[in-house]
Amino acid sequence: YTNCFFKDFEALNIEKPEHIVKATEHIQQMIDFIKTLEDKGFTYKIDDGIYFDIQKFSQYGALSNKDLSKVGINRIEENSQKHHPFDFALWKFVPKEHIMKWDSPWGVGCPGWHIECSAMGTYYLGNKIDIHTGGVDHKPVHHENEIAQNNCKVGEQVVDKWMHVEFLQVDGGKMSKSLNNIYTINQLVEKGYNPLDFRYLNLLTHYRKSLNFTFEALNSAKSALKSLKNALQEHKNSNNHIDIAELEDYKNDFKNAIADDLNMPLAVGILWKMIKEVKKSVEVYEMAIDFDKVLSLDLDKQENIPEEILKLANQRLEARKNKDWAKSDSLREEILKLGYQIKDSKDGFEINKI
């Protein structure tokens, strides 16, 4: 599963994090984290483990706007020893036959799942974390608990910004094995899609909004990405040049869109606007490639066109400029016989394999 995951990472042009770590290799860091919370008086022990006392952290619930006053003590599970319904386990005691178990100052057990992120995150990134991401489902519980244990251990706010991504839907509903609507990147490739077609589809919906995956939408994304690359090739193949200052507004708008809570749909729209509004020029192509440092759509990688075909296409372009229509038509037919189709544009050409 790990190998498959990172293979998909590579296929989707996602950069690998600097640190890729396993929870099971950081149990001591988790124990040390819990011990600090215990020493500061934020924990208590009951029969099934060590728990965090949320009533000792006045800001608990601020991230998801929990109203703790509306949660009565009757919400506590029957026979529970918890002081409050929202108190959460830092260390759980487990029987000897339990597969995942380690020794600790409190007895044999395993860490609560909230403590893993906090212990590993602060161990590698320090006590000041600029951005913490996660699914929107983590906001009301997991991330509230992380904030509580982080801030109480360190004595100040640890995470500066939280970014929660909405769920991915399929055909307007949830993904599930029972509905047989879970797809892998490999399956998309087998159906004739490039992984970057799926990446482009993702860029068209803001991460805080739910993306509805359909093959109709993926087909549209595939077509749009191809059109985008073709349009850029027309700019690249053009002999025209413009003053780079003409593109400054587009560059600023693109950067501002990204800075506005990663508004990628707007950023993609600005790229398209530049391509369509500005006359064909190499400078537009180069600016788009600069944008692609963020988009990572491989906009500089076209289908490998044989040198022979490109040579004929450039000869034809020259014939058209000289208004030698007979030679132009003859070269078009020659290119066609070799299995490629050439499409004229005002300032250049586009080549596609038939």
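Of all alpha-carbon pairs in the chain, indicate the percentage at a distance above 33 angstrom. Value for the chain: 50 percent of Cα pairs lie more than 33 Å apart. Per residue, the solvent-accessible area of the chain (1.4 Å probe, heavy atoms of protein chains only, all protein chains present) comes to 58 Å².
Over the Cα atoms of the range 17-65, Rg to Rh with Kirkwood Rh, two decimal places?
Details: Rg = 14.1 Å, Rh = 13.1 Å.
Result for the range 17-65 is an Rg/Rh of 1.08.
Using a simple spin-label model with pseudo-atoms 7 Å out from Cα toward Cβ, Ser210 and Leu168 lie 1.6 nm apart. Working note: Karplus 6.51/-1.76/1.60 with θ = phi - 60° gives the range 95-110 the couplings x, 4, 7, 5, 5, 9, 8, 9, 6, 8, x, 9, x, 5, x, 9 Hz, where Gly and Pro are set to x.
Find how much the distance from Lys56 to Ile182 grows on full extension, using 0.36 nm per residue of separation minus their present alpha carbon separation; answer in nm with one decimal.
So the extension gain works out to 41.1 nm.
In summary, the convex hull built on the alpha carbon positions of the range 95-166 has an orientation-averaged projected area of 6.0 nm². Note on the range 84-206: with neighbouring protein chains present and a 1.4 Å probe, carbon and sulfur make up 54 percent of its accessible heavy-atom surface.
Between Asn65 and Glu307, take the C-beta separation as r, use R0 = 56 Å, and let me know the FRET efficiency to the nearest 0.05.
Values: r = 62 Å, r/R0 = 1.11.
The calculated FRET efficiency here is 0.35.
Calculate for the chain the 222 nm mean residue ellipticity that helices alone would give, adding -39,500 (n - 2.57) per DSSP H run of length 4 or more and normalising by residue count, nearest 500 deg cm²/dmol.
Numbers: 12 runs with 154 residues, N = 354.
-13500 deg cm²/dmol, from helical runs alone.
Express in nm, to one decimal, how much length is gained between Arg320 and Glu25 on full extension, taking 0.36 nm for each residue of separation and deducting their alpha carbon distance. This chain segment gains 99.5 nm when fully extended. Rounded to the nearest 5, the antiparallel percentage of DSSP beta bridges internal to the range 88-213 is 35%. Which lysines, if any, have their Cα less than 18 Å from the Cα of Lys323, not counting same-chain residues under 8 positions apart? The reachable lysines, counting only those whose Cα sits under 18 Å from Lys323, are Lys343, Lys346. Annotation for the range 213-248 versus the range 73-142: alpha-carbon center distance of 48 Å. Expressed in units of 2.2 N^0.38 Å, where N is the residue count, the Cα radius of gyration of the range 258-332 is 1.52. The phi-based Karplus calculation (6.51 cos²θ - 1.76 cosθ + 1.60; θ = phi - 60°) puts the 3J(HN,Hα) values of the range 42-58 at 9, 10, 8, 10, 10, 4, 9, x, 9, 10, 8, 8, 5, 6, 9, 10, 5 Hz, whole numbers, x for Gly and Pro.
Separation between the Lys353 and Ile244 pseudo-spin-labels, each 7 Å from Cα along Cα→Cβ, expressed in nm? Roughly 3.5 nm, to one decimal. With Cα atoms as the point set, the radius of gyration and Dmax of the range 148-280 evaluate to 19.7, 63 Å.
Within a straight-line Cα-Cα reach of under 17 Å, Lys56 can be paired with the following lysines, leaving aside sequence neighbours fewer than 8 residues apart in one chain: Lys35, Lys40, Lys45, Lys66, Lys82, Lys153.
The values are calculated or read from the model by the stated rules, or taken from the named source; none is laboratory data. Computed from a prediction, not measured in an experiment: that's the story for all the values here. A quick note on method: Cβ atoms are made from the backbone with ideal geometry, for glycine too, and the neighbour counts reach across all protein chains shown. Note: accessible area is taken over every heavy atom of the protein model, side chains too, but ligands, DNA and RNA are not part of it. Shrake-Rupley method; radii C 1.70, N 1.55, O 1.52, S 1.80 Å.
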